[in-house]
Structures are given as structure tokens and as C-alpha cells.
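FYI, it's all coordinate maths here, none of it is from the lab. The shown structure was predicted, so the numbers you read here are calculated from the model rather than taken from an experiment. Cβ placement follows ideal geometry from the backbone for every residue including glycine, while neighbour counts extend to all protein chains displayed.
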Amino acid sequence: MASDIKYIILINTLKIVLLLVASPVICLGQLLQQKAAYSRADSLRGSLSSPLRTCYDINFYHLDVRFDIDKKMISGSNLFKFTATKDFRKLQFDLFSNLTIERVRYKGLNLSYRREFNAVFVTFPKTILKDSKDEFTVFYSGKPTIAKHAPWDGGVVFAMDSLGKPWVATACQGIGASIWWPNKDQQDDEVDSALISISVPDQLKDVSNGRLRKVIPLNDGYTRFDWFVANPINNYDIEANIGDYTHFNDSYNGEKGLLSLDYWVLSYNEDKARKQFGNNVKPMLTAFEHWFGPYPFYEDGYKLIETPHLGMEHQSGTAYGNKYRNGYLGRDLSGTGRGLTWDFIIIHESGHEWFGNSITAKDIADMWIHESFTNYSESLFIENTIGKLAGQEYVHGSRRSILNDEPIIGPYGVNKEGSGDMYAKGSAILNMIRTIINDDEKWRSILKGLNSKFYHRTVVSKEITNYINEQSGINFDPVFDQYLKHSGIPTLEFRFENGRTWCRWIADVAGFNMQVRIRTKGRPYILISPTTTFRPVDVSGLNKENLEVDTFNYYIGVLIE
């Protein structure tokens, strides 16, 4: 997600005026943006091209962690299995500096290492040869960062349920999984599979990603839960959820066969969970398999896990904290009423299984790939259950959260996301592209094709936009450049002179030429192709009084002179 949901906040009068004003867009982002200064710590965390990171391809983790809940401490180890991509003697992994590294073990030896901010540099006793497979283990302990407002900030949530029993969860998207465990902390290199072993006090259970392999009493007041993930997984998706859980299950006959559905909730919420999950999960899977193709992780199953925070798209184990209410904690983010008939966290976070978990941005600067498509998936769920117009109404209504404060694509190489507009504005972009293509089956084939071509892959923006261009037969590069790389929106300017109508785009992108729908009032829309220079509009009977521009489907400004 998500730290998803941060886009809903801060709706104010100024923003609404900016959305609706029919005048040239003076971009708020141009007034507010300041050149950010990034530190070496940012580069160490965010760089994808450092030779100390690119020298190895991570293949497998075995994360083994004990939670001392009373002391709010963790201790354990992580095994790194990797393939060398070139000859090297030194590599980088990541662990927040407040956590202690006890030792780094390699073939029975303790390796020397150096720490700088949250990066750790390990030196091997001999050269690791290209294409060789090798491994090392990091042992660590300490008091992890406590998340005060998860999932918007990251770390470990130590809470109590309503019966006074411990309830613990991890959430670390954006800030990174190295906030609580050692790993190669970048989205570019996903581990191929993982074993997650979490030890918890005997009266509690842990629920993590994938499938439960073993429950092992340790005979010291703790029990270890071993979960195996068979598919590639993002670091930030790896989770621990600890509580007095009860389990019930179901199954779904989907496009790849029988998909297991497992639900882990606090024991006193089972009745509410059975009803809410029953009303939402199977309709969601039906809608998303229709639009995007098969659920991407049949081997690991689908899970919902009740958590003390609002929610997160943890792969094959979605964190759920929406209190068994429809909408977003009972509210409709679009203001249309269309968001009140379904559970926002179940639908949105599950949409990330396709966009975010299966298709993953290499750099979080491109997080629009996760959030724009997943925000748009909400409207497709509505379309699948109510109708197309209802879905479009939801997209249109959700624009009220857009700030136009910064570009949606963030700066690369420094672990920095772009604007939170990647949610609602990103959804509006995709709805515009669908409107221009004007062929719903082709649009569905593009969405399914993305999930086929980039299945279980990490990508950059250009791969996604190129695919849409190729499959649609339309060059949308100017559209993507304007809406993703600039904070403002384009304005369609009309002039009426001597009985003729002229129009042009006012935009940041040179040569901006997005096709747009207009009509004379009461007649069908037609598609015109303005550029950034005034050209005549040949629409019979068009005048200043009867001109209508499709601002329902297009997120643009309109200026009529």
C-alpha cells in the first residue's frame, strides 16, 4: 500500500479551487517545491547502482527472530544466500544503527565489518568469484524502532488487544525492512524465497507470509512458528504479526485452480470477521482476476491478518485493521457514496498483490506503479460489482484529495517517494488513458498483459509506459511526462474569434498533445487532438455557450476566452 492511505488527508479549500478553476493552471507545486538536499545516508540507503550492492544477487533468506514483548526487544539472525554477479571481497547489507550486530558468520569465521549510518560493509577473507553461490549469517539484537502511527511511520507496533493481551505487528514500507531485520534493503533485488521463523511467548501465535510449515515448542516459554514463502518477495512485505489469534479458512476456485483463503483474527472478533471477509474477499478476487489475471501467489495462498494498525499489503498475508467496517474506517474517500459498500483495506491492500508485490518498482521514486494502479483497482472493483459509471464516479470524486504539490515520480537513488498524489491523481491518469483508448476489452488486455509480462518482476516506469504505448498503439509519453514528472495539470484553452473556434494545450511538456473529448451540449462527445499551438476546432455549431469538455473523465483545467 501502502503506507497507503496517507493520500486521504488534507483536503482544503485552496486545493479544491485549484482542481476546479477554469483558468490557466498556476501550479501550487511550483510555489511550494524546494530543492531538497540529500545526504550520504540517503544515497547509501537508496542507491541501486553501488558496486557493493550490485555485486550479489540475493536468493534466499532465513530470518529467525525472537520477540521479547515485555522488554520490547528482538534478537536473532538472518541467513543470506546469494549468487555473485562479479568477483568481489566486500558487500553492503543494511540494518538500522540502533540495532546491535553481534557477529557476521561465514564458513565458521567471524567477518570484519564497518557500519556507516544504517549501512553495513562486510569484508570476506577471500575473493568471492563471479557466478558462485555462497552464504553468510548476521546475528543481531536490540530494541527496534517503535512505530507510533503505523503504517505511516515504520517499525514495530507493540500494543494490547481489548482483553489486555499482547498484540504486536511490523510495518516498514518506505523506511525499509532494515528497521527491524538485516537484509539487502532495496526493492530492486527481491529474494527468490524465504523461511521466516518467529519465536513468541507460548500463549501467543505468530502469523507471517506464505504457508505455515512447523510450530515448534522451544521448552523455554516460547514457541517458534516457521513460515515458508515460495515466491519472490519484497523485503518490506516480510512481516511478523503476534497475538492471541484464532484461525478459520475457506477456498476460492480461481483462474489457476483452488486458492486457499486463511484468516487470522483476534479470537473475540471471529464472528465479525467471518461476515466481513465473506462479503468482500471472493468478490474482490473475481474482479481482480477478471481485470488483472490470476492472483499472483497461489503457491503461498491468500491471507488476511488482523493487526493493531490500519493495514498493509504484506504479500500473501495482508495486514487488516479496518475494524470490520465498510469504507475507509466507515468513510467514503470519494465523497460519492460509492466507497461505502465495500471494505477499503481488503480491496485496496489486496490489489497490491498484483501491483506492488508481483510487479514491483525497482526504486521507490516509481511507487506510482504500486499506488496509482492499486488506487485505480478500487474503481474496477466497483465497476465489476455495480457498473462502469459507478467506477468512474468514484475516480472523479476521489480527485478531491489531490494537492498538485510535487511530481508523482520522486528523485531516484535516495529512497524518496514522490507526491502522495500518486494515489488519486494516478487513478485519474489511468482513467483518462482508458477513455482515450476507447476500447474496454483492449484496456483489460493491457492490464492483464502487464501482469503477465512483468509477473514477479521489478521494473522501472519506462517499462510500464512503453508497454501501454505499444499495446494501445498510442504514444502516451507526453501524458505520462506531464502528469508524473510535473506537479501541475494541463489546461485546455479555447478562443472564439470571427465565428471560429480555436484551442491549444497549456502544459509543462513541450509538444503536449493529449487527445480530449468535447461536444456541443446535448450531442455525443468527439475526440480532438489539440497541441500546444492554437489550431481550429471543426465542430459544427460549437460556440462559447454550448461547449462542453469531458472534465468528468479528464483531470484538466479549461480556459474559455
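Here are a few things to note about the model shown:
- The label point for Ala159 and the one for Asp244, both projected 7 Å from the Cα toward the Cβ, are 1.6 nm apart.
- Straight-line cross-link partners of Lys544 among the lysines, defined as a Cα under 18 Å from its Cα and at least 8 positions apart when in the same chain: Lys521.
- Placing one equal scatterer on every Cα of the chain and applying the Debye formula, the log10 ratio I(q)/I(0) at q = 0.07 Å⁻¹ is -0.43.
- Rounded if a/c under 1.5, otherwise prolate or oblate - region 303-369, Cα gyration tensor axes: oblate
- Computed from label points 7 Å out along Cα-Cβ, the spacing between Lys71 and Asn469 is 5.7 nm.
- Kirkwood-based shape ratio for region 448-491, expressed as Rg/Rh from alpha carbons: 1.04
- Spatially near lysine pairs across region 263-367, Cα under 29 Å, sequence gap of 8 or more or different chains: 9
- Phi to ³J(HN,Hα) by Karplus 6.51 cos²θ - 1.76 cosθ + 1.60 over region 387-403, Hz, x for Gly, Pro: x, 4, 4, 4, x, 5, 4, 5, 4, 4, x, 5, 4, 5, 8, 6, 9
- Short to long, the 5 Å bins of the Cα pair-distance histogram for region 218-343 hold 2, 9, 17, 21, 21, 16, 8, 3, 2, 1, 0, 0 percent of all pairs.
- Using a Förster distance of 60 Å, the FRET efficiency for Asp202-Ser445 (Cβ separation, nearest 0.05): 0.70
- Bins of 5 Å, starting at 0 and running to the largest distance - Cα pair percent for region 400-449: 5, 19, 20, 16, 15, 17, 8, 1
- When peptides 164-172, 197-205 are ranked by their average number of other Cβ atoms within 10 Å per residue, the highest-first order is 164-172, 197-205.
- Ordering of 294-307, 535-548 by burial proxy (mean other Cβ atoms within 10 Å per residue, highest first): 294-307, 535-548
- Cα centroid of region 332-355 to Cα centroid of region 132-206, whole Å: 26 Å
- Over region 468-542, the hull volume per residue, using the convex hull of the C-alpha atoms, is 106 Å³.
- Reciprocal mean inverse distance between Cα atoms of region 379-534 - Kirkwood radius, Å: 17.3 Å
- The label point for Arg523 and the one for Leu340, both projected 7 Å from the Cα toward the Cβ, are 4.0 nm apart.
- Label point 7 Å beyond Cα of Lys544 along Cβ direction - residues of region 494-509 with amide nitrogen under 13 Å: 494-502
- Charge tally in the Cβ shell below 10 Å around Asp262, where Lys, Arg are +1 and Asp, Glu are -1, Asp262 excluded: +1
- Region 107-256: translational diffusion in µm²/s, Stokes-Einstein, Kirkwood Rh over Cα pairs, 25 °C, 0.890 mPa s: 137 µm²/s
- Taking the average, over residues, of other Cβ atoms within 10 Å as the packing measure, peptides 101-109, 187-195 rank 187-195, 101-109 from highest down.
- Taken over region 94-192, lysine pairs spaced eight or more positions apart, or on distinct chains, with alpha carbons under 22 Å apart number 10.
- Given their separation in residues at 0.36 nm each and the Cα-Cα distance between them, Leu52 and Thr286 gain 79.9 nm when the chain is fully extended.
- For Asn279 and Thr385, the difference between the fully extended length at 0.36 nm per residue and the C-alpha to C-alpha distance is 37.0 nm.
- Straight-line reach from Lys425: taking Cα to Cα under 18 Å and skipping same-chain neighbours fewer than 8 places apart, the lysines in range are Lys6, Lys15, Lys485.
- Placing R0 at 56 angstrom, the Cβ-Cβ distance between Ala510 and Arg115 gives a FRET efficiency of 0.75 after rounding to 0.05.
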